[in-house]
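See below for the structure under consideration.
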Amino acid sequence: MPATRAHRVVALACPGVALFELSAVVEVFGLSRPELNVPWWYAMEVCAMVPGPQKTNGGMAVTVDRGLDAMAGADTVIVPCWPVDDDVPAEVKTALRSAHEGGSRLVSICSGAFALAATGLLDGRRATTHWLYADKLAQRYPRVMVDPAVLYVDDDRLLTAAGSAAAIDLCLHLVRKDHGAAVANQVARRLVVQPHRDGGQAQYMDQPVASEDDARIHEVIGWLDSDIAQPVSVSDLAARAHLSTRQFSRRFHEVTGESPIGWLISRRVAASLPLLESGDDSIDKVSGLVGFATVMTFRHHFRERMRTSPMAYRRAFRQ
């Protein structure tokens, strides 16, 4: 990514554009953030098939000045949504394909995956959308490997996300890729959201009625977050919550969507990112600082969650 100019982000306002998803994109990429003190930031535009007032899904209208030609030369093109029962016009497909061929990364949120799938670029690739639309996407585009369970999928220059809050998750993931975990965490803090939800996390969980155990689980989570590297076992955590190991594990999964150990590993990997980006400690030392017993275990779980090695991740942020 060039450091001498802004990174151009162009979002497509489709007919009946979803305000939440579009607003999430604008909030992350459309605001200047001089306090971050980074070499470059994002310059954002919104385009439409026909410039002018665009109806939104809330009955309001937003005025868009640019047409599809705005996608040309963009670094990132985002489709926040698309009407799932509408065909994707040829000019939209052509603009998206041309942008990708020119080097743009293409991003969809929620039903926006239908627009990307219509281009053929997702054929043979894993992608996601809102779980409500996953079956329809898979039926209409059988060559796309639809994963209905995850928050987002990053397949090189083609990224897809589930709906609503997953828009923020994917936008922060892009900031993290471009600027590193420390900057993404600062943006998340400004948004008052969790800094990092792994893309493989479940879109939703069937939550039972809240109980006293919820407070116990959240107390344990807060305690773990205060020192993510501390050596613990599930039985230790269960005892702290005054639950049996079986009760604790079941309730933890109901509250977080992950097992206690899976959650802890994800947190430890996330904690290692700023150390790899800006610190000089060896990979071995970083693994110990975030709580992994061996560097081999750290490398295994890092690759599983980040799709790269700790050393390759460090090199990427020091080029």
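The values are calculated or read from the model by the stated rules, or taken from the named source; none is laboratory data. The structure displayed is predicted, hence computed values, not measured ones. In this analysis, Cβ positions are derived from the backbone assuming ideal geometry, glycine residues included, and neighbour counts consider all displayed protein chains. With ligands, DNA and RNA removed, areas are computed over all heavy atoms of the protein, side chains included. Shrake-Rupley method; radii C 1.70, N 1.55, O 1.52, S 1.80 Å.
Brief remarks on what is shown
- Checked against the criterion of being in contact (Cβ under 8 Å) with a residue 24 or more places away in the chain, over 18 Å from ARG299 (Cβ atoms) and not in a helix (DSSP H, G or I), the candidates GLU254, GLU258 yield just one match: GLU258.
- Only one of the numbered conditions (1) aliphatic (A, V, I, L, M); (2) surrounded by 14 or more Cβ atoms within 10 Å (Cβ to Cβ); (3) more than 22 Å from LEU19 (Cα to Cα) is not met by LEU116, and that is (3).
- Just one of the listed residues (ASP123, ASP86) is charged (D, E, K, R) and touching a residue at least 40 places away in the same chain (Cβ under 8 Å), namely ASP86.
- ALA182 meets the conditions (1) hydrophobic (A, V, I, L, M, F, W, C); (2) open to solvent by less than 20 Å² (accessible area, probe 1.4 Å); (3) touching a residue at least 40 places away in the same chain (Cβ under 8 Å) in every case but one. The failed one is (2).
- Residues of segment 36-60 that are aliphatic (A, V, I, L, M) and modelled with pLDDT of 95 or more: ALA43, MET44, VAL46, ALA48, MET49, VAL50.
- Residue match in segment 257-264 (condition: modelled with pLDDT of 80 or more and under 21 Å from VAL175 (Cβ atoms)): no
- Pair list, Cβ under 9 Å, 6 or more apart: segment 298-318 residue surrounded by fewer than 17 Cβ atoms within 10 Å (Cβ to Cβ), other residue assigned to a loop (DSSP other than H, G, I, E, B) and of a type in the set (Val, Ile, Thr): ALA316/THR308
- Top-ranked residue in segment 279-294 [being open to solvent by 30 Å² or more (accessible area, probe 1.4 Å) and not hydroxyl-bearing (Ser, Thr, Tyr); ranked as farthest from SER235 (Cα to Cα)]: ASP280
- Some residue of segment 75-97 being surrounded by 14 or more Cβ atoms within 10 Å (Cβ to Cβ), in contact with a helix residue (DSSP H, G or I) (Cβ under 9 Å, 6 or more places away or on another chain), of a type in the set (Val, Ile, Thr) and part of a loop (DSSP other than H, G, I, E, B): yes
- Considering only residues in segment 256-278 that are open to solvent by 20 Å² or more (accessible area, probe 1.4 Å) and over 20 Å from the mean Cα position of the chain (by Cα), the one that is farthest from LEU151 (Cα to Cα) turns out to be SER278.
- Residues located in segment 134-152, provided they are surrounded by 15 or more Cβ atoms within 10 Å (Cβ to Cβ), in contact with a strand residue (DSSP E or B) (Cβ under 9 Å, 6 or more places away or on another chain) and not in a loop (DSSP other than H, G, I, E, B): ALA134, LEU137, ALA138, MET145, VAL146, VAL150, TYR152
- Residue check, GLU21 open to solvent by 60 Å² or more (accessible area, probe 1.4 Å), more than 14 Å from ALA95 (Cα to Cα) and part of a helix (DSSP H, G or I): no
- Matching residues in segment 279-297 - criterion: being closer than 15 Å to ILE228 by Cβ, in a loop (DSSP other than H, G, I, E, B) and either without any contact (Cβ under 8 Å) to a residue 60 or more places away in the chain or over 25 Å from the mean Cα position of the chain (by Cα) (or both): PHE292, ALA293
- Selection count, segment 98-110, where residues are out of contact with any strand residue (DSSP E or B) (no Cβ under 6 Å at 6 or more places or on another chain) and either surrounded by 13 or more Cβ atoms within 10 Å (Cβ to Cβ) or in a loop (DSSP other than H, G, I, E, B) (or both): 4
- Condition check for GLY199 on (1) part of a loop (DSSP other than H, G, I, E, B); (2) modelled with pLDDT of 90 or more; (3) open to solvent by less than 20 Å² (accessible area, probe 1.4 Å): one failure, at (2).
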